[in-house]
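The values are calculated or read from the model by the stated rules, or taken from the named source; none is laboratory data. It should be emphasised that the depicted structure is a prediction, and the values quoted were computed from it without experimental measurement. When we count neighbours, we look across all protein chains shown, and the Cβ atoms used for this are built from the backbone with ideal geometry, even at glycine. Quick note on the areas: whole protein, heavy atoms, side chains included, nothing else; ligands and nucleic acids left out. Shrake-Rupley method; radii C 1.70, N 1.55, O 1.52, S 1.80 Å.
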Amino acid sequence: MADQDSPQAVSRRAILKGGVAVAALGGVSAFLAACSSSAATASPAATTAASVAASVAPASAPASSAASPASSAAAGGNVTLGSNYSDPVPKGVLASVVDTFTKANGTTVKVNTVDHGTFQDQISAYLQGTPDDVFTWFSGFRMRFFAAQGLATDISDVWSQVGSNFSDAFKVGSTGDDGKQYFIPIYNYPWAVFYRKSVFQDKGYTVPATLDDFKTLSQKMQSDGLIPIAFGDKDGWPAMGTFDIINLRTNGYDFHVGLMAGKEKWTDPKVTTVFNTFKDLLPFHQEGAAGRTWQDAAQALVQKKAGMYLLGMFVSQQFQTAGEADLADLDFFPYPSFGTQYDAEKALDAPIDGFMLSANSPTLAADMDAAKSFLEYLAQPATQVAWVSQDPSNIAAAKEADTSKYTPLQKKAAQLIGDAQRITQFLDRDTNPNFAGANGMQAFLLDFIKTPTQDLTAFQKKIQDFWDTL
């Protein structure tokens with residue numbers, strides 16, 4: 001870890017006190033240019049950006065955030081940021097945060113936005129090519145994987161400045177296999193079963209506590225003319241959430257993480273049980289999932305055509321755009337218990353999102369201090385509170401973040417995460433990215449959804465064989 005009084009650390013600290021993607025190798029820059037927003041102020045979500053600007057302003061920082069980027073002289077410099085925040089709400093919030101940072105210290109942050117799914121699928125090629133200085137990414141295995149490959153820059157010196165803002169758990173989630181830090185967490189959110197309170201009230205539905213209750217409720221919804229469970233897997237990853245939670249409830253946390261790490265086999269009969277349970281539940285899911293995005297599936301819930309939806313809390317972004325009354329009508333419950341010894345774990349996916357520095361950016365060395373001061377800014381409680389205030393689908397990562405203005409949904413989400421005895425990041429973040437990608441588990445799960453009656457022994461062998469090739 002860098003000495004806190006090193007010239008580089010002092011330089012960034014002075015900045016803070018004073019004011020504070022993806023394509024084939026060789027084609028990244030052209031691809032980003034074609035698909036991106038050039039700068040934060042040019043974002044299509046400019047309305048959202050404008051509305052959040054005041055709440056990000058340093059004056060709103062609580063007393064505990066006195067070290068947050070504040071109000072003074074410009075520091076200058078240029079930073080490029082590769083972003084997967086392609087949906088309107090998070091894209092607008094990022095634009096506002098960047099704009100406020102730029103106004104505070106004079107550093108220009110050029111945001112290159114790429115569709116979320118494309119960014120994720122091609123991240124390996126992106127980082128091995130000519131990536132941006134900073135990039136949006138995830139905690140856990142996926143972060144450690146790229147750090148171990150030398151594709152991320154050590155930011156332990158940044159953590160020496162901002163580490164007190166985070167719990168030990170977040171620091172562990174930001175630490176590579178070599179014990180150094182490579183990641184700044186900004187928020188996390190739970191996966192749960194979302195529903196509209198008014199639909200449950202009008203129909204007399206009760207929140208299910210067990211898997212049998214869940215099936216019974218789904219049958220009742222079908223008889224009432226509703227789609228029991230909204231579902232869209234066009235991008236390949238949403239079905240992973242269903243696999244995760246069934247495996248956690250059926251086989252427990254240790255087996256799940258062991259399977260993700262290759263310590264357990266995909267041919268194990270325990271995995272067969274997971275797929276059989278998934279198969280039993282598929283008739284309650286929205287048909288045609290392979291051709292539907294999660295956003296389109298969410299609209300079935302917004303429009304009261306579907307009764308439930310298993311997804312991350314980012315589903316609320318679709319309700320935010322629908323209107324305040326719709327957002328206030330949204331609620332959730334944890335996935336039901338299975339009657340196994342693992343129910344007590346209350347395990348769930350609660351992914352942590354944040355930012356990293358690339359290793360191969362051709363421009364990073366010239367503006368390293370500016371890039372690291374931007375990361376320090378993102379780590380401040382005031383910045384994170386401003387973020388989650390405008391996008392209440394998330395929970396701030398900083399432990400000193402002011403939660404007094406959290407929405408009821410955010411407070412409930414924080415409680416759900418707090419009650420969980422075991423937390424996973426999500427299948428595509430907890431395992432080898434090449435295994436999780438479009439040629440791996442995305443394709444396997446899409447195949448399963450299309451043909452759930454196939455020979456599971458042969459199907460699971462294909463998955464294991466693919467893992468073995470990696």
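Could you check how many residues of the stretch 167-195 are crowded, with 19+ Cβ neighbours inside 10 Å, closer than 23 Å to ASP419 by Cα and not small (Gly, Ala, Ser)?
Number of matching residues: 11.
Only one of THR424, THR431, THR457 is closer than 26 Å to TYR342 by Cα and in contact with a His (Cβ under 9 Å, 6 or more places away or on another chain). Can you tell me which?
Of the residues listed, the single one that is closer than 26 Å to TYR342 by Cα and in contact with a His (Cβ under 9 Å, 6 or more places away or on another chain) is THR424.
List the residue pairs whose Cβ atoms are under 8 Å apart, where the first residue sits in the stretch 205-219 and is farther than 17 Å from THR340 by Cα, the second is β-branched (Val, Ile, Thr), and the two are 6 or more positions apart or on different chains.
TYR205/VAL199; LEU217/THR206; SER218/ILE229
Going by the conditions given, is LYS220 over 17 Å from THR424 (Cα atoms), touching a helix residue (DSSP H, G or I) at 6+ places or on another chain (Cβ under 7 Å) and either open to solvent by 10 Å² or more (accessible area, probe 1.4 Å) or aliphatic (A, V, I, L, M) (or both)?
So LYS220 fails the test.
Given the condition under 18 Å from MET313 (Cα atoms) and either out of contact with any Ser or Thr (no Cβ under 8 Å at 6 or more places or on another chain) or not small (Gly, Ala, Ser) (or both), answer yes or no: does some residue in the stretch 433-447 qualify?
No, the conditions are met nowhere in the stretch 433-447.
Looking only at the stretch 296-318, which residues are open to solvent by less than 40 Å² (accessible area, probe 1.4 Å) and of a type outside the set (A, V, I, L, M, F, W, C)?
Those that are open to solvent by less than 40 Å² (accessible area, probe 1.4 Å) and of a type outside the set (A, V, I, L, M, F, W, C): GLY307, TYR309, GLY312, SER316, GLN317, GLN318.
Do any helices (runs of 4 or more DSSP H) entirely within the stretch 133-182 hold 1 or more residues that are β-branched (Val, Ile, Thr), closer than 23 Å to ILE395 by Cα and in contact with an Asp or Glu (Cβ under 6 Å, 6 or more places away or on another chain), and if so, which?
156-162
Output the number of residues of the stretch 361-377 satisfying the condition of being in contact with a strand residue (DSSP E or B) (Cβ under 9 Å, 6 or more places away or on another chain) and not in a helix (DSSP H, G or I).
3
Take the conditions out of contact with any strand residue (DSSP E or B) (no Cβ under 9 Å at 6 or more places or on another chain), more than 27 Å from HIS256 (Cβ to Cβ) and modelled with pLDDT of 95 or more and apply them to GLN380. Does it pass?
Criteria met by GLN380.
Of all residues in the stretch 147-165, how many are in contact with a Gly (Cβ under 9 Å, 6 or more places away or on another chain) and surrounded by 19 or more Cβ atoms within 10 Å (Cβ to Cβ)?
The qualifying residues number 2.
Which one of these does PHE231 not meet: (1) crowded, with 20+ Cβ neighbours inside 10 Å; (2) hydrophobic (A, V, I, L, M, F, W, C); (3) out of contact with any Pro (no Cβ under 9 Å at 6 or more places or on another chain)?
Here PHE231 clears every test but (3).
Only one of (1) surrounded by fewer than 23 Cβ atoms within 10 Å (Cβ to Cβ); (2) closer than 25 Å to SER86 by Cβ fails for ALA379. Which number is that?
The single condition ALA379 does not satisfy is (1).
Go through the stretch 407-429 residue by residue and tally those that are open to solvent by 30 Å² or more (accessible area, probe 1.4 Å) and out of contact with any Leu (no Cβ under 9 Å at 6 or more places or on another chain).
8
Among the residues of the stretch 248-260, are any among the charged types (D, E, K, R) and surrounded by fewer than 19 Cβ atoms within 10 Å (Cβ to Cβ)?
Yes, because at least one residue in the stretch 248-260 is among the charged types (D, E, K, R) and surrounded by fewer than 19 Cβ atoms within 10 Å (Cβ to Cβ).
Among (1) on the phi > 0 side of the Ramachandran plot; (2) in a helix (DSSP H, G or I), which single condition is PHE314 missing?
(1)
Cβ contacts < 6 Å: first residue open to solvent by 20 Å² or more (accessible area, probe 1.4 Å), restricted to the stretch 95-124; second residue in a helix (DSSP H, G or I) and not polar (S, T, N, Q), any location; separation 6+ or different chain. Result?
ASP99/ALA40
When THR321 is evaluated against the numbered criteria (1) buried (at least 18 other Cβ atoms within 10 Å of the Cβ); (2) closer than 29 Å to GLN380 by Cα, which criterion, by number, is the only one it fails?
Among (1) buried (at least 18 other Cβ atoms within 10 Å of the Cβ); (2) closer than 29 Å to GLN380 by Cα, the lone unmet condition for THR321 is (1).
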